[in-house]
1. Residues that are modelled with pLDDT of 95 or more, open to solvent by less than 60 Å² (accessible area, probe 1.4 Å) and under 21 Å from Lys118 (Cβ atoms): find the helices (runs of 4 or more DSSP H) completely inside the range 8-62 holding 1 or more of those.
2. Pick out the one residue from Arg80, Arg130 that is more than 13 Å from the chain's Cα centre (by Cα), at pLDDT 95 or above and farther than 19 Å from Gly157 by Cα.
3. Exactly one condition in (1) over 23 Å from Cys24 (Cβ atoms); (2) more than 13 Å from the chain's Cα centre (by Cα) is false for Arg93; which is it?
4. Can you go through Gly95, Gly79 and tell me which one is within 21 Å of Trp133 (Cα to Cα) and open to solvent by 50 Å² or more (accessible area, probe 1.4 Å)?
5. Take residues that are among the small types (Gly, Ala, Ser) and tell me which of the helices (runs of 4 or more DSSP H) falling wholly in the range 66-137 contain 2 or more.
6. On the basis of being surrounded by 12 or more Cβ atoms within 10 Å (Cβ to Cβ), closer than 18 Å to Leu69 by Cβ and modelled with pLDDT of 95 or more, does Leu124 make the cut?
Amino acid sequence: VAVAGTDADFDADTRWAVTWFEDCGMNEGDFGRAEQLSKSRNTSVQGLVDAGIISQRPNKVRLVARDELPPAWDPATDGRLTVWEVTQQLIRRLGDDGESAAADLLRRAGSGLGETAKELAYRLYLICERKGWAKEALSYNALVTSWPELTRLAAAGPLAESAPTLFPE
């Protein structure tokens with residue numbers, strides 16, 4: 001089921017990234033097209049670079065791949081926080097470090113931003129399905145299908161095994 005109108009829930013940088021992803025996937029594209037799209041989305045190419053969403057080289061831009069994202073990223077210290085980055089970081093943590101790490105990031109991002117990230121993951125999954133990008137679709141599907149467990153773990157707070165014990169063994 002396509003969720004109509006959910007793009008309105010996304011920040012301008014994320015709306016840009018969704019359109020770019022739909023047009024180019026994770027591939028490089030023309031700077032002029034990126035700039036034109038940024039103006040229609042009320043953002044800028046430099047702002048997208050500053051947000052950590054794209055990388056740029058002469059006359060070319062591309063979305064930053066998940067494995068290029070900073071591993072120690074924290075939404076609380078991000079100066080230009082986007083739903084796109086939260087979603088990609090959640091997928092990265094889930095794939096690299098498991099549900100507990102993704103739940104910890106979800107807890108730090110907050111439930112409102114987290115729910116919007118889940119909406120984005122579902123939207124991107126639908127794009128991947130339509131385009132036949134099976135491998136990329138798996139990443140978004142993994143986040144959406146893990147969501148009930150991630151929210152349960154996030155609500156539970158830090159895991160018991162990380163808490164100090166009164167009686168060490």
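1. Hits in the range 8-62: 12-24.
2. Exactly one of Arg80, Arg130 is more than 13 Å from the chain's Cα centre (by Cα), at pLDDT 95 or above and farther than 19 Å from Gly157 by Cα, namely Arg130.
3. (2)
4. Gly95
5. Of the helices (runs of 4 or more DSSP H) lying wholly inside the range 66-137, those with at least 2 residues that are among the small types (Gly, Ala, Ser) span 99-109, 111-131.
6. Yes: the conditions hold for Leu124.
The values are calculated or read from the model by the stated rules, or taken from the named source; none is laboratory data. Predicted model only: the values in this text are computed from it and were never measured. Cβ: placed from backbone, ideal geometry, glycine included. Neighbour counts: every protein chain shown. SASA here: full protein model, heavy atoms, side chains in, ligands and nucleic acids out. Shrake-Rupley method; radii C 1.70, N 1.55, O 1.52, S 1.80 Å.
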